[in-house]
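First up is the structure itself, then whatever we jot down about it.
Derivation of every value follows stated rules applied to the coordinates shown; laboratory data play no part. Everything numeric in this text was worked out from a predicted model, so none of it was measured. Counting neighbours? That spans all protein chains shown, and the Cβs are built from the backbone with ideal geometry, glycine included.
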Amino acid sequence: MLPPKLVATFFGRFDKSGSCWIYQGAHFRKGYGNVHVRAIGNIGAHILSYLIVNKEPLYPWECVLHHCDNPACGNPEHLFKGTKQENTRDAISKGRFVSNIECTRGKNLYGEKCPNAKLKVDDVVAIRKARTQGIGQKRLAKRFNVCYQTIQSIEHYRSWKSI
């Protein structure tokens, strides 16, 4: 059980302006919020949100899934518990699942072809134009629902090189 002050601080780190509560702290690579809890270590912000609100254990074979399909969302109303198999089925049904077999058989899964892509070509063009006009990385990251490092990579052509 976390102290109430810590719980309040944690939930204060979300942008609750929309139906999805977007975590404003650190993120894992695939866009999930990353929280460090002393007794646990690093944990997904959506997982911690689920655990705090539902007050039930999460076993190693269980996952916390999103109804909204937004990895950065921590709104407890958008979260539900499921097995790893259900998580995989959910990802497949939403077109977000990429198997290791597909990647090793030489499929070029980049840009819009990648099922995990959050951005479209038009978004990348708009981001690069906005950066030349002096609009900040963090502001753009919030607008396009990505982390500022993604904006940085796009700006410096480390990602979306073909655009």
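Using a Förster distance of 25 Å, how high is the FRET efficiency between ILE43 and GLN85, based on the Cβ-Cβ distance and rounded to 0.05?
On the way: r = 22 Å, r/R0 = 0.86.
The calculated FRET efficiency here is 0.70.
Residue by residue through segment 64-73, which ³J(HN,Hα) values in whole Hz follow from phi under the Karplus form 6.51 cos²θ - 1.76 cosθ + 1.60 (θ = phi - 60°), with glycine and proline marked x?
10, 9, 10, 5, 7, 6, 10, x, 7, 6
Can you put ASP123, ASP69 in order of Cβ neighbours within 10 angstrom, beginning with the fewest? Could the numbers behind the result be given before it?
Numbers: ASP123 20, ASP69 14.
Lowest count first: ASP69, ASP123.
Would you pull out the residues with amide H under 5 Å of THR83's amide H, same chain only if 5 or more places away, H placed 1.01 Å from N?
CYS63
Build a GNM of the chain with springs between Cα atoms under 10 Å: which of HIS78, HIS46, HIS36 gets the top mean-square fluctuation?
The residue that fluctuates most here is HIS36.
Tabulate in residue order the Karplus-calculated ³J(HN,Hα) for segment 15-31, using 6.51 cos²θ - 1.76 cosθ + 1.60 with θ = phi - 60°, rounded to whole Hz; enter x for Gly and Pro.
Along segment 15-31, the couplings run 8, 9, 6, x, 5, 7, 8, 8, 5, 9, x, 5, 10, 6, 3, 8, x Hz.
For GLU62 and ARG143 in one chain, what is 0.36 nm times their gap in residues minus the Cα-Cα distance, to one decimal in nm?
Working: separation 81, 0.36 × 81 = 29.16 nm, distance 3.19 nm.
Going from the current span to full extension adds 26.0 nm.
Treating only the Cβ atoms of Lys and Arg (+1) and Asp and Glu (-1) as charged, compute the dipole magnitude of segment 1-97 about its Cα centre; round to the nearest 20 debye. If you can, show how the numbers build up before the last one.
Numbers: 12 positive and 7 negative charges, 48 e Å.
My answer is approximately 240 debye.
Could you list VAL35, VAL125 so that the one with the fewest beta carbons within 10 Å of its beta carbon is first and the one with the most is last?
Working: VAL35 21, VAL125 13.
Listing VAL35, VAL125 from fewest to most nearby Cβ atoms yields VAL125, VAL35.
Quickly rank 54-64, 139-149 as a protection proxy: mean count of other C-beta atoms within 10 Å, highest first. Display every interim value, and only then the final one.
On the way: 54-64: 12.3, 139-149: 17.2.
Answer by packing, highest mean first, reads 139-149, 54-64.
Tell me which residues come under 5 Å, amide H to amide H, from HIS27 once H is placed; ignore anything under 5 positions away on its chain.
Here ASN34 satisfy the definition.
Between VAL53 and THR132, what is 0.36 nm times their sequence separation minus the Cα-Cα distance? Round to one decimal in nm.
24.2 nm
Using a 10 angstrom cutoff on alpha carbons, build the Gaussian network for the chain and name the most mobile of GLY12, GLY25, GLY82.
Its mean-square fluctuation being the largest, the pick is GLY12.
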